[in-house]
1. Among the listed residues Q157, Q205, identify the single one that is polar (S, T, N, Q) and within 15 Å of the chain's Cα centre (by Cα).
2. Considering only residues that are in a helix (DSSP H, G or I) and either assigned by TED's automatic domain parsing to the domain that holds F130 or among the polar types (S, T, N, Q) (or both), which ones fall in segment 205-216?
3. Looking only at segment 217-234, which residues are assigned to a helix (DSSP H, G or I) and in contact (Cβ under 8 Å) with a residue 24 or more places away in the chain?
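The values are calculated or read from the model by the stated rules, or taken from the named source; none is laboratory data. From a predicted model like this one, the values you see are computed outputs, not experimental measurements. Methodologically, a virtual Cβ is constructed for each residue, glycine included, from the backbone with ideal geometry; neighbour enumeration extends over all protein chains shown.
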Amino acid sequence: MTVLRTHELRSLGTQIEQTRQEVSSVQKSVDDLNLKQGGSTSKMRADLTSMLTDLQAQISRLHAEIDETQHRLGQLNQRLERMEGRKVVVSPTPPGAAGTPDTAGRDSATVKVVPGLDLEHMFGQAREDFIRGRYDLAYQGFRAIYEKDSVGAWREQSLYWMAECLWKGDKTDRALEMYARVLAEFPEGSHECAARLKTGLIHDQMQDFRARDEVLNQLIAACPSTNEAARAQDILSTP
């Protein structure tokens with residue numbers, strides 16, 4: 001009886017060991033499957049992160065191209081305004097002076113074109129300083145243009161870029177004041193929407209989200225169907 005019991009116990013032990021090995025085998029299969037799934041998930045996350053990074057870089061480049069295009073359009077408008085503002089002064093040839101006879105035998109008048117205040121070269125130099133990161137020097141150049149331009153064709157441009165110099169130079173409080181001047185002095189100017197957007201971005205940078213949302217909502221209302229309004233919508237919809 002004892003021998004029989006011992007045999008049964010040994011048989012049972014063998015079965016238990018076999019079952020334990022089967023469980024271990026199944027557990028190893030499950031672990032391998034989880035590892036493979038985990039690796040796939042990690043790879044998917046890495047791919048998605050890379051795609052998002054590339055997309056953000058493309059969006060940043062697009063915004064930069066839009067800003068540059070707007071600047072070039074502004075320059076073109078300024079040139080057209082300068083051409084329209086040219087003054088033509090016609091003065092008769094003084095008596096006895098040697099003039100060029102016209103077809104009727106009369107002395108021709110002296111025709112002299114006096115262009116309006118030409119600040120294009122100064123503006124180009126200030127822009128060059130801005131692009132090269134010399135923001136203080138660029139600010140001085142834009143301020144000189146603003147003060148010298150009595151006609152007003154360059155005043156909005158120079159005031160806006162003064163604000164840009166202050167922001168790029170990490171003088172955010174003064175930049176906010178300057179953007180506010182752009183909106184106050186040129187409420188319907190060509191830089192209104194950009195000034196509103198930059199104001200919102202500064203508030204976002206300062207983590208003043210209430211002021212940011214207020215400014216961006218005002219931008220959307222004042223500048224619908226613009227790139228600036230679309231960007232404001234994106235910012236407001238981001239948690």
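1. Details: Q157 fails: within 15 Å of the chain's Cα centre (by Cα).
None of the other options fit; the residue is Q205.
2. Here is the first cut: in segment 205-216, the residues in a helix (DSSP H, G or I) are 205, 209-216.
Passing the criteria: only Q205.
3. Once the filter is applied, which keeps residues that are assigned to a helix (DSSP H, G or I) and in contact (Cβ under 8 Å) with a residue 24 or more places away in the chain, segment 217-234 yields L219, A222, N227, E228, A229, R231, A232.
For (1) in contact with a Cys (Cβ under 6 Å, 6 or more places away or on another chain); (2) basic (K, R); (3) at pLDDT 95 or above; (4) more than 17 Å from R174 (Cα to Cα), each residue gets a yes or a no:
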site	(1), (2), (3), (4)
S190	no, no, no, yes
L201	no, no, yes, no
M206	no, no, no, no
P224	no, no, no, yes
N227	no, no, no, yes
D234	no, no, no, yes
